[in-house]
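Encoded as structure tokens, the structure appears first; notes follow it.
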Amino acid sequence: MRTAKALTLHNLSSADMPCRQNVWGNVIGITFDDEDETLLFSPVSGDLLICNTPEWEKLIEASPTKGFESELSQTLERLGLSQT
Amino acid sequence: MTRYLGELTHQEIENALRTDGLGLDIFGFRCLVTSNTGLLTSPLHFLYPRYPAEIIPNGFFDFHIALNESRHFLGKKTVHFLWEDKSPFPDLPLDQAHALFEWGLNWCIATASGSDIVIHAAVVERDGMALVLPGEPGSGKSTFCADLVFKGWRLLSDELTIIDPKTGLVRPFPRPISLKNSSIDIVAERHPAAPMSGRITDTRKGDIAYIRPPDSAVDSAEAVKISRVIFPKYIAHAELELTPLTKAFGFSRLLENTFNLDLLNKQGFAQYADSISDTDFFDLSYSDLDQVHRCLAELCK
């Protein structure tokens, strides 16, 4: 297991940004207006995942202090979240 | 001195290719091409007549491309592609030199386009509305694109959709439309006046022919915002079916067709997402192009 990175959750959304963006470790989540899905992307691994917004919020709540961008998919699976 | 390639004689082009190189400016990408094959002059003159060209190259070029004759170990003549000491393609039969030029140029741009986002997709525009058509081989993307172009849509690109991440707009990059196998006959039958190159046979993609981009497409430098992304799928005898996709899912599919995703950092990804935030995404299965036109007329009102 690699060195844990502190999770950072920055809300980058602004009034002129039509889609909401959150950064979680090295993963960025994109939520478009009027949609109940969040697209997760790791620029490091190139992984793409989609989860619905409640799942995304649950993911953040479940792992507020640690996370591994390269293990995102395993984390999602462990938490019983869907993967597309 | 810069002239249009169509103003040059075959002899001038051939001399340039065999000596210091032919400079070709394709919507901001400056290419210096050399070749001793004798097989590039005619297709370049026919397909790229309205592109600025230099027979005495001057200044900086983004890509230095060489296509030279070599010899297979069995004695057969082949063509070798080289870009700055890199050769991503195996040597091909000599008569495929032009196809190798087009594929090689695509590869150069997909590999080294700077900060631009490059998607494997055709893109056309009408009434300020850009329609992006990503497609796997066999999806009918190029046939679809060619048919739209001959029905009045402006060609921005048949193969590479290039987005400027700063503006979120698609930069025009019209080059010859590549048709393969049965698509050649379909387009020739539907559009008999289409300016089509000779057929290159038995390539690794089958038979290939190229259509010259309309002058109006080459003369327009206007960048446009993406309005619709349609993932086409040709299915023989199928009824047309248009299925809306969520933006998140559609964007993920677009990302799968993005060449330089590995160059995007978080900010770049956010800019990319922002550029398609007003875009609608659809899956489209079809067999009849006339049905497609009626569908698009309705969709793009």
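The values are calculated or read from the model by the stated rules, or taken from the named source; none is laboratory data. Please read all numbers here as calculations on a predicted model, not as lab measurements. Glycine gets a Cβ as well: all are built from the backbone with ideal geometry, and neighbour counts include every protein chain shown. Only protein heavy atoms, including side chains, enter the accessible area calculation; ligands, DNA and RNA are left aside. Shrake-Rupley method; radii C 1.70, N 1.55, O 1.52, S 1.80 Å.
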ask   = Relative to a virtual label point 7 Å from the Cα of B:LEU82 in the Cα→beta-carbon direction, which members of the stretch B:37-56 show backbone nitrogen distances below 18 Å?
value = B:37-40
query = Which FRET efficiency, nearest 0.05, do B:PHE60 and B:GLU136 yield, Cβ-Cβ r, R0 51 Å?
reply = 0.90
Interchain or long-range residues, amide H under 5 Å from A:THR38's placed H = A:CYS51, A:ASN52, A:THR53
note = Cα-based Rg and Dmax for the stretch B:3-112, in Å, come out at 13.2, 42
ask   = Which of B:ALA16, B:ALA53, B:ALA248 moves the most in a Gaussian network model of chain B with Cα springs under 10 Å?
value = B:ALA248
key: Gain on full stretching of the segment that runs from B:ARG71 to B:GLU7 - 0.36 nm per residue minus C-alpha separation   = 19.7 nm
ask   = In whole Å, what are the Cα extents of chain B along the three principal axes, biggest one first?
value = 52, 44, 38
ask   = Accessible surface of B:GLU136 in the full protein assembly, 1.4 angstrom probe, to the nearest 10 Å²?
value = 120 Å²
request  = Just add up the charged neighbours of B:TYR48: K/R +1, D/E -1, any other residue whose Cβ is under 11 Å from the Cβ of B:TYR48.
outcome  = +1
ask   = Which of the GluC sites (Glu not before Pro) found in the stretch B:45-154 are loop residues per DSSP with 14 or fewer other Cβ atoms within 10 Å of their Cβ?
value = B:GLU84
note = Charge tally for neighbours of B:ARG212 with beta carbon under 14 Å away, counting Lys, Arg as +1 and Asp, Glu as -1, is -2
query = Which FRET efficiency value, to the nearest 0.05, is calculated for A:ASP36 and B:CYS300 with the Förster distance at 30 angstrom and r the Cβ-Cβ distance?
reply = 0.65
request  = Using only alpha carbon positions, build the gyration tensor of the stretch B:240-301, then give the equivalent ellipsoid semi-axes as the square roots of 5 times its eigenvalues, largest first, whole angstrom.
outcome  = 28, 12, 9
key: D (Stokes-Einstein, µm²/s), Kirkwood Cα radius, the stretch B:145-281, 1.002 mPa s at 20 °C   = 126 µm²/s
request  = Grab the Cα-Cα distance for B:ASP280 and B:ASN265, subtract it from 0.36 nm times how many residues apart they are, and report the gain in nm with one decimal.
outcome  = 3.0 nm
inquiry  = Just to verify a number: FRET efficiency for B:ASP207 and B:ASN15, C-beta to C-beta distance, R0 = 25 Å, to 0.05?
reply    = 0.20
key: Summed side-chain charge close to B:LEU100 - residues other than B:LEU100 whose Cβ falls under 11 Å, Lys, Arg +1, Asp, Glu -1   = -2
request  = Averaging sequence separations of C-alpha pairs under 8 Å and six or more residues apart, then dividing by the length of chain B, give the relative contact order as a whole percent.
outcome  = 15 percent
